[in-house]
Amino acid sequence: VTEYKRNYREHVVREFLRDREGDSSPGENPSIRSHYTALTIAREPRSGHGAEHGAVGCANTSSGPATVTAQMLFRPDEDGQTPRVVVLVGAPGMGKTTTVRKVMVEWGEGTLHEQFDCVFCIDCKGMALPKEASVTDLVSQCCPQQRVLAGNILDDQKILFIFDGFEALGFSLVQPEAELSSDPREVKPLETTLMSLLKRTVLPEASLLITTRPTALQSLGRCLEGEYYAEILEFSTAMREEYFHRYFENASKADMAFRFARSNEILYSLCVIPVMSWTVCTILERELCRKRNLLECSKSTTRMTISYLSQLLKHRDRDNPQVLQRFLLQLCSLAADGIWKHKVHFEEKEIRDHGLDQPDLLPLFLNERISKEGGDHGKVYGFSHLHLQEFFAAMFYVLEDDEETVNDWEGHEKDVNKLLESYSESRKDLNVTVQFLFGLVSQKSVEYMDKTIGCRISPQAREELLKWLRGRHRGISLPGQTLKISGLDTFHFLFEVNEKSFAQSALGHFSDLDLQDVKLTLYDQMALSFCIQQWAGLCCVTLRGCSFHRQDPGVELNALVPCSGASGAGGRPGATAELRQEELHCPIHLLCQALRHPGSALRVLRLQWCRLSESCCAELAALLAEHPSLERLELGDGALGDRGVRLLCQGLRRPGCRLRVLR
C-alpha cells in the first residue's frame, strides 16, 4: 500500500501538472503551478432555497456567502463543521476543471489537502467509463499503470473522490435503495455504483468533491445530504491582472498584454470569465512572439470572441455538425430578440420556443439563474455576459441560414439595415452589437468561422455594412462643404474589420476628421492610427478638448511601441537621445506616426485644448520636418513651456518643413 501510494502520487503530479485538454501549442503547454490564479469561491451549507430551482443560490443570500479558495473547501466552516460533500458549481469556462487539477497536484506533491490519504479523480467528460464497475474498478482507472489490487487502498484510508464534470454523465440518479452497494469490490451497473457513493452506502467515511454546471443541481440535490455548495465567482479587477502576470512569466510582457486588454473596454469586460482571460493571453502571447509588439496586433475583439466560442465547442457534435449549426442559429435569434427588447433574462418557455432545450448544448451558452419572483415561476436563463449576448445577436444578422430555419424565426425580421438605422438614430446601446457585426464580416473571421465552427457568413452583409458606413456621415456636412467624420465609432468599426482595402473604400469619400471632447484610450489611438494610415484623402485633422491616455510611468515602452524607422525622431541626423526618450513617452506618438505615412495629403492639423505638454513637441517637430504637405498647425491651451517650444523650433528649421501658418 505504501509503495502504491508513493507511485500514485508521482503519477498524479505527472498527469495533472500539465493541461490534459491539449489546448496549447507544442512547447506552450502551461504548468498549473505557475498559471493558476486563486479563484474566489462562495460557499455555504445547503439551506433548501435553491433545491427546487436547480440553482446555486449561494451568491444570493442577504448577508453574503463566505468566500474561500480551493484549498479551504474541506476546512471547517464558522460553526466548526467540516464539509464531507462539496458541490463546486460554475458555468463553462469558469475554472472548475482547472481547480480540480490544482487540488490533485497539491495533494500529489504533499503541499496541501494532507487530511486525505488518497485522492481519486473520475473525469466524467473524458474517461472511458464502463457500463458495469465496482468502486475498486473506478479507482484502478485513475492509475492504470499500477496493477496492485486497488481494493487494498480503500481499507482504513481517508479518501477523497472527485467527480469532474458530473453533468456529462447524463443518466438518471434515481436508483432503488435496495439496489445500492455497500461493498467497494461489488460490480454493479455504473449508475448504481456512482449512486452508492453519492448516497454514502459504500465508503460512508469518504469525502466527495463534485464539479458541475448548474443544470445538474436539481438531480444532485435529490441524492445528497448535508452537502455544501460552492460557486466560482467571476474574476475581479485584481484577479484579472494577477492572471495575466501568472500567464506571462516575463513581467514586461505581462504588463504590455494587460494594458492592451484593459484599453479595450469590451475585451477587458469579457475577461471576467476565466477562460476568456486564457484565450486573450494565449492570442497575445503568440502576437508578441511573432511581432514583438502589440500595437500591430491584428486580432480584433471579434476574433478573440470567436476563439473563445471555438474553445467552448471543442469536441462537440463533430459527427453531426448540422445539429450544432441549427442550435447556434436559434441561439442567435434569442440573443437578437433580447437585445431589441433590452432583455437579458429568458424564461423556460422562450428557451423551448426557440428550440434551445438541448441539455448537452444549452449550458455552454446560457446560465441558469434564480427567478426574482421565486416560488413556482420556473427557471430563468441568461448569457454568461452581456457582450456575449451582443456577439450572438450580431451573428444573427450576418449568418447564412436555410429555409427551414428562416421559417422558425420568432418576432423580428433579419434586416441588418434596420439595426444600423436604429443605431444611427437613437439606439446607441447597440454600439457593441454593431462593432461585432463589422468584425464578423472580415475575411479572417469568415474563414475562421467556417473552418472551426462550420458557420457561413453572408457576403451580402459585408456590402451592406460598407454602404452604410459610406453614407452615415454625409448628413453631417452641409452642401458644398467637405465631408468629415466626427464619430470615433467609425474607426472602431473599421479597426474591427482590420482590412486595408475595406478601410480605404469606406474612407475614400471623406477628407476631414473632427473629434471633440473624447478621451482616447490606447485602443482608441490604435484604431485611429490604423484608419489614418489607410486614408489617402485626409486633408484636415481637428481634435478639440481630446485627451490622450498616457502609458504607465516606469514601464518599459520600447517593446510596446514599434520603431518608427527613418521617419522616427531617433532616425534624423542630429537628433539627440533626449528626443528619442520624448518620443517614447509622448501621448500623441501613435497619432503623429500615422500622419507621417507615405502618401499622406494632410494640410491642416489642429490640436486645441488637448492638454499637450512639452513631451509632445519632439513628435510635432518630426512631423513638421518631414511632412511634404502640412501647411497649417494650430495649438491651443497647452503647457508646452519654453523647452517644448525650443523642440518645436528644431522641426521648423528643418529644410523639409512646408509650414505656412502657426498658431
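Here is how the numbers come out for the structure above:
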item: Residue list for the range 383-409, restricted to those being part of a strand (DSSP E or B) and at pLDDT below 85; result: none
item: Positions within the range 503-525 being in contact with a helix residue (DSSP H, G or I) (Cβ under 7 Å, 6 or more places away or on another chain) and either open to solvent by 10 Å² or more (accessible area, probe 1.4 Å) or part of a helix (DSSP H, G or I) (or both), in sequence order; result: Ala503, Ser505, Ala506, Leu507, His509, Val518, Thr521, Leu522, Tyr523, Asp524, Gln525
item: In the range 96-115, residue most open to solvent (accessible area, probe 1.4 Å) [restricted to those that are more than 23 Å from Glu167 (Cα to Cα) and in contact (Cβ under 8 Å) with a residue 60 or more places away in the chain]; result: Glu109
item: Breaking point among (1) closer than 17 Å to Gln525 by Cα; (2) at pLDDT 85 or above; (3) not in a loop (DSSP other than H, G, I, E, B), for His597; result: (3)
item: Close pairs from the range 345-363: first not assigned by the TED database to the domain that holds Phe171 and open to solvent by 40 Å² or more (accessible area, probe 1.4 Å), partner modelled with pLDDT of 90 or more and β-branched (Val, Ile, Thr), Cβ under 9 Å, at least 6 apart; result: Asp357/Ile351
item: Tally, over the range 165-191, of residues that are closer than 19 Å to Ser219 by Cα, in a loop (DSSP other than H, G, I, E, B) and of a type in the set (A, V, I, L, M); result: 4
item: Hits in the range 211-230 - residues which are at negative phi and open to solvent by 50 Å² or more (accessible area, probe 1.4 Å); result: Thr215, Gln218, Arg222, Glu225
item: Only one of Glu241, Glu249 that is open to solvent by 60 Å² or more (accessible area, probe 1.4 Å) and within 16 Å of the chain's Cα centre (by Cα); result: Glu241
item: Residue count, the range 606-632 (criterion: among the aliphatic types (A, V, I, L, M), out of contact with any helix residue (DSSP H, G or I) (no Cβ under 7 Å at 6 or more places or on another chain) and either surrounded by fewer than 22 Cβ atoms within 10 Å (Cβ to Cβ) or modelled with pLDDT of 90 or more (or both)); result: 1
item: Residues within the range 637-663 that are aliphatic (A, V, I, L, M) and not in a helix (DSSP H, G or I), tallied; result: 5
item: So Glu114, is it modelled with pLDDT of 85 or more and either in contact with a Ser or Thr (Cβ under 7 Å, 6 or more places away or on another chain) or among the charged types (D, E, K, R) (or both); result: no
item: Search result, residues across the range 489-502 that are crowded, with 21+ Cβ neighbours inside 10 Å and outside any helix (DSSP H, G or I); result: Asn498
item: Every residue from the range 119-158 that is at pLDDT 80 or above and open to solvent by 60 Å² or more (accessible area, probe 1.4 Å); result: Lys131, Glu132, Asp137, Gln141, Lys158
item: Leading residue by the ranking (modelled with the highest pLDDT) among those in the range 364-382 that are basic (Lys, Arg) and crowded, with 16+ Cβ neighbours inside 10 Å; result: Lys379
item: Residue under evaluation Val555, criteria (1) β-branched (Val, Ile, Thr); (2) in a loop (DSSP other than H, G, I, E, B); (3) at pLDDT 50 or above, criterion not met; result: (3)
item: Qualifying position, being open to solvent by less than 10 Å² (accessible area, probe 1.4 Å) and assigned by the TED database to the domain that holds Gln157, among Leu180, Leu208, Leu190, Leu203; result: Leu208
item: Given (1) within 30 Å of the chain's Cα centre (by Cα); (2) at pLDDT below 95, index of the condition Phe510 fails; result: (1)
item: Filter result for Pro92 (in the same structural domain as Ala206 (by the TED database), out of contact with any strand residue (DSSP E or B) (no Cβ under 7 Å at 6 or more places or on another chain) and either assigned to a loop (DSSP other than H, G, I, E, B) or at pLDDT 80 or above (or both)); result: yes
item: Residues that are closer than 24 Å to Pro598 by Cα, small (Gly, Ala, Ser) and open to solvent by less than 20 Å² (accessible area, probe 1.4 Å), drawn from the range 633-663; result: Gly651
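The values are calculated or read from the model by the stated rules, or taken from the named source; none is laboratory data. These figures come from a predicted structure and were not determined experimentally. We place every Cβ from the backbone using ideal geometry, glycine too, and count neighbours over all the protein chains shown. These area figures cover heavy atoms from the full protein model, side chains too; ligands, DNA and RNA do not enter into them. Shrake-Rupley method; radii C 1.70, N 1.55, O 1.52, S 1.80 Å.
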